[in-house]
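Worksheet: one structure, shown below.
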Amino acid sequence: MTHQPFLLGVNYPWALYAEDFGISPSGHRGLSLPGKHSQVANDFARIRDCGASVVRWFLFGDGRGGFLTEKGIPVRPDELVFRDVLAALELANRSDLRLCFSLIDYLWLQDRAGKPAEHPNEQVLQFAAGREAFLHRILIPMFREFRQHPALFAWEIANEPEWAIREFHRKPTAKMRFADFRAFAAEIAQAVREFAEVPVTLGSARFDWVRAWSELGLDFYQAHYYPEQKASGNDGLAKHLRSLPPLDKPLWIGELPARDDSAAGFSLESALTHCRDAGLLGAAVWRWTTPEKIGSDAHVGAIDPKILSAWNSATRSQKASA
């Protein structure tokens, strides 16, 4: 009997949020610039040394850059976004890593009407014509450009879209209808199958919401896990995994915290072991890059490479002795 290898990953969510690929309102600060290129090359080498094989990276983020618009409608990728994406893929390939690009962050899907716009593209995904133009004029050309690239692990439709959808999250910014986003997500999934020929997934914010995306034809499901405040750490994760209903596709944990000081007893090593023993496709630890001091994930901190390496070494030793 053969077993799918456990795909250990890390989140390298951004060097600069929504500015790693293409031109943003602040100019070009993308990955193909020599200074950033060398930093990522060093990071990727260290990630591989830890035993990870997959890197998850946000691409368009909140949509502030990477493409050109006219009257709020996307018209074409900018002249540098493909160069930056290619730079990331080439660096990954050199380090024997594969990339999971998360195309859209939930912040871009949220409705901020009534508040000052933070960038010109803020409302692009709030109406059907904007979504259709973004798919056909930006995403599909990108899928074609990097079709079957060996360093691509998957295209991820969106990161935690539930936080922008009214049926999941009852907040003023969550105004998108589930039916509207599901239709858009299904079109992206179909485009990946047709034009990219690599796996497609979606980064659901919770285990309980994964089944909402079962009709998209994803190649594997993805959920994110963070211990509840003051919860019993790894016991909570084990309980979630035991209570999972049968799924028709493999499950990958796209975000698993490096640590959580608010959850008593949480241990990354034990959490990874729970995921592996549950037969999951793998798990990606949040995060490699250092959190911003005012960021919502500051309490999670950054990955300690020694911990990741030790867990991976112990896992290999167990396999060798089995």
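Looking at the stretch 96-143, which of its residues are of a type in the set (D, E, K, R) and either within 30 Å of Ala45 (Cβ to Cβ) or not in a helix (DSSP H, G or I) (or both)? Asp96, Arg98, Asp105, Asp111, Arg112, Lys115, Glu118, Glu122, listed by residue number. Taking into account only those residues within the stretch 62-111 that are modelled with pLDDT under 95 and at positive phi, which is surrounded by the fewest Cβ atoms within 10 Å (Cβ to Cβ)? Filtering the stretch 62-111 for residues that are modelled with pLDDT under 95 and at positive phi, the one surrounded by the fewest Cβ atoms within 10 Å (Cβ to Cβ) comes out as Lys71. A Cβ distance below 9 Å, combined with a sequence gap of six or more or placement on separate chains, defines the contacts here; from the stretch 10-27, residues that are buried (at least 20 other Cβ atoms within 10 Å of the Cβ) reach residues that are among the basic types (Lys, Arg) and in a strand (DSSP E or B) in the pairs Val10/Arg56; Asn11/Arg56; Tyr12/Arg56; Pro13/Arg56. Go through the stretch 1-59 and report how many residues are among the charged types (D, E, K, R) and either in a loop (DSSP other than H, G, I, E, B) or more than 27 Å from Ile253 (Cβ to Cβ) (or both). Total meeting the criteria: 4.
Considering each residue of the stretch 1-40, count those that are more than 30 Å from Leu280 (Cβ to Cβ) and not acidic (Asp, Glu), and give that number. Spell out the reasoning first.
Here is the first cut: in the stretch 1-40, the residues more than 30 Å from Leu280 (Cβ to Cβ) are 16, 19, 22-30, 32-39.
When the remaining residues are screened for being not acidic (Asp, Glu), the result is 16, 22-30, 32-39.
The number of residues fulfilling the criteria is 18.
Asp78 - would you say it is within 22 Å of Glu156 (Cβ to Cβ) and over 21 Å from the mean Cα position of the chain (by Cα)? Answer is yes for this residue.
Take the residues of the stretch 173-209 that are part of a loop (DSSP other than H, G, I, E, B) and touching a residue at least 24 places away in the same chain (Cβ under 8 Å): which is farthest from Pro246 (Cα to Cα)? For the stretch 173-209, the residue satisfying everything is Thr173.
The values are calculated or read from the model by the stated rules, or taken from the named source; none is laboratory data. None of these values were measured; they are calculated from a predicted model. Because the Cβ atoms are built from the backbone with ideal geometry, glycine has one as well, and the counts that use them run over all protein chains shown.
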